[in-house]
Amino acid sequence: RDLDANMACSNGTDEVYTELGNGTSPPMGAHTWRMLCGNETVTKVEKRTLTLTWVPDGEKLSLLRGLGWAEPPGFGWFDLRKWWYIGNTPAIPRLDIPSLNMQDAAGGFRTMWTETVGSVTVFPSLLAMAATWNDKTVFAFGQALGKEFSAKGANAILGPSVNVHRVARNGRNFEYMSGDDPMLGAALATAYVKGVQSHGIFAVVKHWVFNSQETHRGAESSDVDDKTSWELYYPPFQAAVDAGVGAAMCSYNKVSGEYSCANKKTLDDLHNRMGFKGFVQSDWWATHSNSIENGLDQEMPGTGSGEGPDGHREYFDADELEDSAPAAVDLAAKRILAVIYRYNLAETTKCAPPNCKEYFLKDVGSPDHAQLARRAAAESIVLLKNDNKALPLCAKSVKHIAIIGAAADAPSYDPDGQGQGQGDWAQGDYYSGGGSGHLAGKVVTPFDGLGTKAGALGIKVSSSLTDDVDAAVKAARHVDVAIVVVATTSGESRDRKDLNLDGDVDALIEAVRKVAKKIVVLVEAPGPVVMPWRKEVDGVAIMFLGGQETGNAWADVIFGDQAPAGRLPIMLPETEADTIPPDSADDVPYSEGIATSYRNPSFKAAFPFGHGLTYSTFQHKAPVEVSCYVDSKDCRYHIRSSVTNAGKVAAPAVVQLYLEFPPQAGQTAPIMKAFKKTDALQPGSSEEFHFALSAHDLSYWDLAQDGWVEATGTFVAHLGESSADIKHSLTFCNGPCTPGGGTNVAIIGLGAAAMALGATAVVLKILGSHAPAPYSSGAETQRLELAPLTHDA
């Protein structure tokens with residue numbers, strides 16, 4: 001132990017500088033410390049052969065705990081120092097170890113100070129990205145994020161957020177890219193991680209684990225059995241691990257009575273059973289004990305929470321860690337160092353706070369990124385209903401429109417302005433949700449986007465940019481189409497009160513419907529909403545918080561420049577009774593198991609998971625079983641089919657495969673095991689698609705055997721346009737059985753509807769099998785101390 005109680009080198013050889021220049025220092029020192037504790041004769045160390053013998057305890061501890069936050073006198077809460085990142089560790093110059101500059105958020109660079117607003121791209125939310133059902137789009141999004149974060153001086157992104165939704169009213173659902181389904185989340189998490197990390201910075205997958213509600217998030221215990229864990233909630237994390245994600249963030253909640261960041265079982269699941277080779281950091285102030293021996297590697301932000309009997313205590317300090325197993329401390333340090341070396345951060349890190357002002361102020365947006373944000377937002381729009389071809393709007397038949405609703409011209413929030421840092425921190429807007437995931441910048445409102453496009457086409461525009469019923473009726477009475485824009489939002493730290501839209505818009509829509517020739521409702525939301533008026537209007541479309549290009553994206557789809565291409569990543573319920581509400585109890589049992597969303601036979605959908613219309617129609621060829629590819633070692637069943645665009649408009653198609661298991665698997669409904677989205681198919685063109693199901697795809701988690709078991713018996717593969725609209729089914733056997741003797745589990749939801757569908761070749765796999773790599777101590781300590789750093793993050 002080289003740092004004394006005052007965080008100075010105990011051997012008296014240190015030189016300490018702080019940003020204050022007065023000789024005082026915050027816990028673990030400022031980022032400008034010259035860490036000279038230990039062997040000062042070493043001036044250069046080859047990174048690939050670095051051993052922990054070169055890293056004295058004081059310097060090791062600096063890797064394991066963050067810094068950069070201070071408690072302003074009289075405020076009682078912690079404030080981020082100016083020009084520091086959300087998460088920071090100090091550099092160790094003599095060992096050529098850079099600072100870690102880790103920044104929110106998963107959807108874009110968080111602009112903490114007013115002078116930085118407008119210097120980044122406000123991308124669509126991660127839930128909007130999920131609605132694209134397009135791994136190529138998400139990969140491009142990840143690349144753009146990596147480029148912007150790197151240009152801002154960060155070397156890590158605190159994302160992706162991949163928790164599978166459980167509670168429909170969860171205030172953070174807009175941040176979670178998995179939506180309701182682990183297969184969707186796994187595919188998109190892979191694309192995100194690979195896109196971000198292609199730019200030399202590392203991603204931090206979060207929030208591990210079962211962080212399904214904001215209600216009592218710091219105290220409630222999520223009680224989840226292993227079958228539910230591995231089949232429903234773990235797969236997106238496993239996918240991120242398999243993609244090589246650099247780090248993971250543990251969550252605020254408890255799991256089976258123990259805080260997530262100290263839960264030995266779930267951390268062991270991550271480190272060992274999943275094969276994760278990166279490091280685990282706590283969510284900010286989510287550390288409640290010295291849990292390094294349980295698998296937590298880094299305490300963030302490194303300044304005590306100020307809550308509870310321990311007050312401002314830091315748990316990863318020298319006194320605490322001195323009593324920990326040396327092998328556990330060394331293993332945590334090696335995991336962090338492995339990430340630093342894997343991404344060559346010593347060569348690419350641009351600054352160390354507080355000397356990062358120029359990077360924070362740098363404008364890192366670009367026309368290319370603005371175009372990507374616009375394309376992604378447009379692709380995320382889900383056309384839910386389109387009776388009598390209400391859309392797209394064409395200048396030949398539509399001469400006059402009305403744009404109605406306060407949401408059509410709603411402002412965005414400055415994160416450091418009123419309603420955010422100076423007021424309600426959790427408040428979101430209709431372009432980006434609230435809390436740590438909030439992004440602010442110049443936005444194109446729906447009124448601006450739709451109005452500009454209509455004007456360019458020679459279409460007259462009337463408007464009523466409030467929710468006043470009388471004004472709306474006046475604007476809608478004599479137009480060809482009334483467009484009503486409605487919205488709600490949410491934010492971190494609290495759940496939504498209900499699933500209603502903001503204001504009395506149900507009455508507004510009803511009043512406009514009675515006088516308008518046609519009415520189209522555009523919904524902007526952070527998750528599920530209820531639509532009691534949905535059967536009474538001509539068209540409905542939804543966007544899950546579309547970012548800065550919201551208005552332009554609406555215009556691209558509504559006027560037909562881009563055919564609708566989004567699909568629902570969540571089920572939209574008929575009523576709130578068809579959802580799981582937040583639970584205010586101390587213990588929250590996930591007693592429904594995997595029966596959430598479309599997997600619950602009792603839930604009725606207004607619009608089912610996977611649903612989405614477009615401006616064309618498709619014909620689907622009956623699928624057939626074909627031989628597995630010669631080089632496919634794990635293939636169990638191979639399906640081939642094709643789709644043809646039978647309409648007059650080029651549009652992409654999405655095919656979804658829902659697998660009905662034999663009874664032994666204990667599934668409540670067919671579950672999605674594969675999907676594929678085509679590029680836009682031209683009218684009359686066809687595309688062949690393949691699905692190859694692996695042994696793992698046919699497996700279920702067996703509690704008695706504590707592992708995956710390949711099911712045998714009769715399976716039914718359902719191919720369709722949503723969980724409720726199945727076009728074809730194939731029955732097949734895995735092992736001894738009689739084809740046709742399926743379990744006849746009903747597909748849940750609405751009846752068939754005319755939607756776009758199709759696919760290209762695909763082989764998808766949710767989880768892999770990993771040999772365990774258990775934590776060791778005793779004799780392992782010497783090996784960790786002396787062995788070269790070969791740990792692969």
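The values are calculated or read from the model by the stated rules, or taken from the named source; none is laboratory data. Just so it is clear, the structure is predicted and the values come from calculations on it, not from any experiment. A quick note on method: Cβ atoms are made from the backbone with ideal geometry, for glycine too, and the neighbour counts reach across all protein chains shown. Heads up: the accessible areas ignore ligands, DNA and RNA and are worked out on the full protein's heavy atoms, side chains in. Shrake-Rupley method; radii C 1.70, N 1.55, O 1.52, S 1.80 Å.
Once the 1.4 Å probe is applied to the protein heavy atoms, region 69-152 comes out at 27 Å² accessible per residue.
Straight-line cross-link reach from Lys514 at under 16 Å between alpha-carbon atoms covers these lysines, not counting any fewer than eight positions away in the same chain: Lys474, Lys535. Rolling a 1.4 Å probe across the protein heavy atoms gives region 169-252 an accessible surface of 15 Å² per residue. Compute the FRET efficiency between Ser602 and Ala622 as 1/(1 + (r/R0)^6), taking r as their Cβ-Cβ distance and R0 = 30 Å, and round to the nearest 0.05. Here the calculated transfer efficiency is 0.40. Of the accessible area of region 184-227, computed with a 1.4 Å probe over protein heavy atoms only, carbon and sulfur atoms account for 55 percent. Spin-label model, Glu536/Ser584: points 7 Å from Cα along the beta carbon direction are separated by 3.2 nm. In this structure the amide hydrogen of Gly566, modeled in the peptide plane, comes within under 5 Å of the amide hydrogens of Ile381, Leu383, none closer than 5 places in sequence on its chain.
Rolling a 1.4 angstrom probe over region 600-751 with all protein chains present gives an accessible area of which 50% lies on carbon and sulfur atoms. Taking every alpha-carbon pair under 8 Å whose residues sit at least 6 apart, region 229-384 reaches a relative contact order of 17 percent. Couplings 3J(HN,Hα) of region 183-200, computed from phi: 5, 4, x, 5, 5, 6, 4, 4, 5, 4, 4, 5, x, 4, 6, 6, 9, x Hz, in residue order, whole Hz [Karplus 6.51 cos²θ - 1.76 cosθ + 1.60, θ = phi - 60°; x for Gly and Pro]. Averaged per residue, region 393-494 has 39 square angstrom of accessible surface, using a 1.4 angstrom probe with ligands and nucleic acids left out. When the pairs Lys147/Lys357; Lys399/Lys442; Lys389/Lys442; Lys604/Lys676 are compared against a 22 Å limit on Cα-Cα distance, Lys399/Lys442; Lys389/Lys442; Lys604/Lys676 fall above it. Of all lysines in the structure, those lying under 24 Å Cα to Cα from Lys264, and not within fewer than 8 positions of it along the same chain, are Lys60, Lys206, Lys227, Lys254, Lys277, Lys334. Both radii were evaluated on the Cα set of region 452-491; the Rg over Rh quotient, with Rh as the Kirkwood radius, amounts to 1.06.
Proximity of backbone amide H atoms, modeled 1.01 Å from N, is registered between Ser699 and Ala711 at under 5 Å, excluding neighbours fewer than 5 places apart on the same chain.
In order along region 666-674, the Karplus-derived 3J(HN,Hα) couplings, from 6.51 cos²θ - 1.76 cosθ + 1.60 at θ = phi - 60°, round to x, 8, 8, 6, x, 10, 5, 10, 6 Hz, and Gly and Pro are given as x. Inter-label distance, Ser324 to Ala471: 5.8 nm, where each label sits 7 Å from its Cα along the C-beta direction. Once the Cα-Cα distance is subtracted from the 0.36 nm per residue extended length, the Asp368 to Lys514 segment shows a gain of 48.2 nm. Using a 1.4 Å probe on the protein heavy atoms, what percent of the accessible area of region 252-364 belongs to carbon and sulfur? Roughly 42 percent, rounded to a whole number.
The distance separating the Cα centre of region 381-396 from that of region 504-553 comes to 13 Å.
Couplings for region 637-645, taken from phi via the Karplus curve 6.51 cos²θ - 1.76 cosθ + 1.60 with θ = phi - 60°, read 8, 10, 10, 10, 7, 8, 9, 10, 7 Hz in order; Gly and Pro are left as x. The H on the amide N of Lys460, modeled in the peptide plane, is under 5 Å from the matching H of His400, Ile401, each at least 5 residues off or on a different chain.
Net charge dipole, region 395-554: roughly 940 debye, given to the nearest 20, about the Cα centre with Cβ charges of +1 for Lys and Arg and -1 for Asp and Glu.
Highest mean first, the peptides 438-447, 220-229 sorted by other C-beta atoms within 10 Å per residue fall in the order 438-447, 220-229.
Within straight-line reach of Lys136, meaning a Cα separation under 17 Å, sit the following aspartates and glutamates at least 8 residues removed in sequence or on another chain: Asp368, Glu379, Asp679.
The heavy atoms of Asp470 offer some 120 square angstrom of accessible surface to a 1.4 angstrom probe.
Taking other residues whose beta carbon is less than 10 angstrom from the beta carbon of Arg375, and scoring Lys, Arg as +1 and Asp, Glu as -1, yields -2.
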